[in-house]
Amino acid sequence: MKQTEPDFWVLEYVTITKDPRTDPVVAIGGTDKAAGILQRTGGFLSAPGPHGDYHRLPHGLPVEQQRLKATAASHALLAAGHSVHLDPTLNMLVAPDGEREAALRYLAGLAERAAAATTSSEVAEVLTEVAAPVHGLLPLAREVVIRAWIAASDFQGAAPAGEADPIARLGSTATSMSEVARAILHARNHVARPAQRPATTSPPPGHAQPAKSRRR
């Protein structure tokens, strides 16, 4: 029997997220009914886009107001029967420390995996999580340090004469973190190689083993 695709309307789906390029909270998709809910419940505004109209929250809203309006709109849409994806960072119902606690659990889990590793490949997997380019823990932490360094450079003046500049050292720390990540990846590549058993050495031909002394 020939299978058919399920019958559904893609436009019924609404995605509410924060655009990483321009920063406003946007709502994409949905019908005219969904548009009305977004405008009444969340205070969204209609805006023209390259592929049709979309909705966004007004510019300049504080982050907490963005989260409150996005959460209210998403739940009103769900109650009206629409399917909604709400960016977790905009969900007011998520515990404020939930992401931090999840990160701490993740780090603790990596430590446990390293301690319980029984093969070199398992160790390599943990080191990959720590230092993998782009999404490894160290590169992500380095990105945080760099952004903090740039912000601190704008807020703080130069250090008094004769004193080491701690803000400048923060910038060099970011470079050191890159070097540490490379060292960890080098160790990871070494650990990931299959272990080679040492070759057994045999005595060269013509050399007799010393005989045990015997009593005649």
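Annotations
A quick yes/no check of all residues on (1) modelled with pLDDT under 90; (2) touching a helix residue (DSSP H, G or I) at 6+ places or on another chain (Cβ under 7 Å); (3) farther than 30 Å from Val123 by Cα; (4) part of a helix (DSSP H, G or I):
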| residue | (1), (2), (3), (4) |
| --- | --- |
| Val145 | no, yes, no, yes |
| Ala151 | yes, no, yes, yes |
| Asp154 | yes, no, yes, yes |
| Ala161 | yes, no, yes, no |
| Glu179 | no, no, no, yes |
| Ile184 | no, yes, no, yes |
| Pro198 | yes, no, no, no |
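- Checked across region 119-134, the condition of being out of contact with any Lys or Arg (no Cβ under 8 Å at 6 or more places or on another chain), over 22 Å from Arg182 (Cα atoms), open to solvent by 90 Å² or more (accessible area, probe 1.4 Å) and not basic (Lys, Arg) holds for no residue.
- Qualifying positions in region 126-139 - among the β-branched types (Val, Ile, Thr) and farther than 13 Å from Arg188 by Cβ: Val134
- Every residue from region 18-32 that is touching a helix residue (DSSP H, G or I) at 6+ places or on another chain (Cβ under 9 Å) and free of Cβ contacts under 8 Å to residues at least 60 places away in the same chain: Pro24, Ala27, Gly29, Gly30, Thr31
- Wholly within region 11-125, strands (runs of 3 or more DSSP E) carrying at least 1 residues that are closer than 30 Å to Ala187 by Cβ, at pLDDT below 95 and of a type outside the set (Val, Ile, Thr): none
- Taking residues in region 42-54 that are surrounded by 12 or more Cβ atoms within 10 Å (Cβ to Cβ), and partners anywhere that are part of a helix (DSSP H, G or I), the pairs with Cβ atoms closer than 6 Å and at least 6 places apart or on different chains are Gly42/Lys69; Gly42/Ala72; Gly42/Ala73; Gly43/Lys69; Phe44/Leu38.
- Any hit, region 98-108, residues being surrounded by fewer than 16 Cβ atoms within 10 Å (Cβ to Cβ) and in contact with a Lys or Arg (Cβ under 7 Å, 6 or more places away or on another chain): no
The values are calculated or read from the model by the stated rules, or taken from the named source; none is laboratory data. Worth saying up front: this structure is predicted, and the values here are computed from it rather than measured. Backbone-built Cβ (ideal geometry, glycine too); neighbour counts: all protein chains shown. Please note that ligands, DNA and RNA were not included when accessible areas were found on the heavy atoms of the full protein model with its side chains. Shrake-Rupley method; radii C 1.70, N 1.55, O 1.52, S 1.80 Å.
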